[in-house]
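The values are calculated or read from the model by the stated rules, or taken from the named source; none is laboratory data. Source: prediction; values computed, not measured. Every residue, glycine among them, receives a Cβ derived from its backbone with ideal geometry; neighbour counts consider all protein chains shown. Note: accessible area is taken over every heavy atom of the protein model, side chains too, but ligands, DNA and RNA are not part of it. Shrake-Rupley method; radii C 1.70, N 1.55, O 1.52, S 1.80 Å.
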Amino acid sequence: MRHVRVRLARRVEQYEIAIGAGLLGELGDHARRALSPDARRVAVISNRTVFKLYGAGALRSLRAAGFETAHWLMGDGERFKSWRTLEAALEFLSAARLERTDAVVALGGGVVGDLAGFAAALYLRGIPYLQAPTTLLAQIDSSVGGKTAVNNDWGKNLVGAFHHPRAVVIDTETISTLPRRELTAGLCECIKQGAVGGRKLFELTERFLIDKREALNDAERLAELIAAQCAFKAKIVAGDELEAVSRSDSRSRRILNFGHTIAHALEKVTDYKRFRHGEAVGHGMLAAAELGKRLEISDGNDLESLRAAITLAGRLPRADDLPSSEILSTLARDKKSVGGHIKWILLERIGRARILDSREIAPRTLRASIRAALHSNI
Ligand code: NAD
Ligand code: GLY
């Protein structure tokens, strides 16, 4: 089993990310170690798809560790990461009579993790929770770092809280049941973290992708990739826990949004129906790298390495039919802008990000970069 520690300066909290095959069978022991000795009840939030596969094992392990358990299943899909589901989740926690020393377990992908984490942040003004992520994306990204949220009519993830889990328990065996597109989406997020994180992480991810089929079935290699990705994310979070608005250096938490500005626009113009989030990030990274090349921030070689890696991750849904004018007008309404201006995450080179204010980018260069990237037939 591998361990990564997340150290937080702000609240002097720390938590362990445990990574290994079959760890859901030890979920109860991890919860016992992470929670107060007074913890009696654990409420599992999951969805039907994941619970059918992993719910019984998770509950068995929690009960064997002496917890009383309750469980509740939310709808499966991004549209259920909503106010309404949040309210129902809070009602469940109340009906399960959770006290402040008790805990929530989020068993599922990023949707379950973000919603259950937000419910734990709100219930009784904040109770402990554990992340038990079951998608690759959730294992390397969303379960680490304490961002929790729901979507609403104004957009995605615009209402939420920073609330860190007490522990993250990653059972690498859960990857074996992931649908192909979810795997591609998770691998795109691995590429993203490598692209901004460092050449070593990028190359580790590249090697994994080159023999993807064998690597995914090799428990040791899968754990190695996930641990390296989590260690990178933990380091960034430790250095900039709350994603300070004032920061625009190459180690600010904002760099984790590489590829996300265009990705969010692609998701929005297709009404969140065409792309898995990670797939849209695949296109978004190419557009950002193309922009960096045209602005002469980076050379073309890195764009090619990125394109090769994304191709190895899997096929992305087409994006060449989407009008760049619509994408540009969606970008203009981006609610994550600062002072009315988008902060673009570009690459100086693989492993080093550079943040640029949209005022430094000519609209025609942006338009041309988006067109070129979306027509690259990836
Ligand atoms: P998801 O949670 O919708 O899971 C994808 C699909 O896979 C779902 O249908 C799910 O039921 C199914 N599934 C999950 N685990 C499975 C398994 N082991 N076997 C078979 N099927 C399984 O999607 P996701 O990609 O995990 O997460 C996306 C969400 O994460 C988005 O809402 C995004 O905003 C959020 N996110 C949050 C952060 C953060 O820092 N909090 C970071 C990145 C993404
Ligand atoms: N996924 C972006 C972040 O955690 O900051």
In degrees rounded to 10, the 0-90 angle between helix 110-122 Cα long axis and the longest Cα principal axis of the chain is 60
Pull up all non-local amide H partners of VAL159: gap of 5 or more, or a different chain, and H-to-H distance under 5 Å with H placed in the peptide plane. VAL150
Output the 0 to 90 degree angle, nearest 10, between the alpha-carbon long axis of helix 48-64 and the longest principal axis computed from the alpha carbons of the chain. 40
How big is the accessible area of LYS212 in square angstrom, nearest 10, if you roll a 1.4 angstrom probe over the protein chains? 60
Please give the Cα centre distance for the stretch 327-367 versus the stretch 247-318, rounded to the nearest Å. 12
Please tell me the relative contact order of the chain in percent, rounded to the nearest whole number, where contacts are Cα pairs under 8 Å and at least six residues apart. 15
Electrostatic dipole magnitude of the stretch 47-129 [Cβ: Lys, Arg +1; Asp, Glu -1; Cα centre; debye, to 20]: 140
Full-extension gain between LEU90 and SER250, please, as 0.36 nm times their residue separation minus the C-alpha to C-alpha distance. 53.8 nm
Note down the nm distance, to one decimal, between modelled labels 7 Å out along Cα→Cβ at SER36 and at ASP218. 4.6
Could you state how much accessible area TRP154 has, in square angstrom rounded to the nearest 10, with a 1.4 Å probe and all protein chains kept in place? 150
Residues of the stretch 354-378 with the amide nitrogen closer than 17 Å to a label point 7 Å from the Cα of ASP321, along Cα-to-Cβ, please. 374-378
Given Cβ point charges of +1 (Lys, Arg) and -1 (Asp, Glu) and nothing else, what value in debye, to the nearest 20, does the dipole of the chain about its Cα centre take? 460
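In deg cm²/dmol, rounded to 500, what helix-only [θ] at 222 nm does the chain give when every DSSP H run of at least 4 residues adds -39500 (n - 2.57) and the total is split over its residues?
-14500 deg cm²/dmol
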Once the Cα atoms of helix 180-197 and of the chain are each reduced to a long axis, what angle between those two axes, in degrees from 0 to 90 to the nearest 10, is obtained? 70
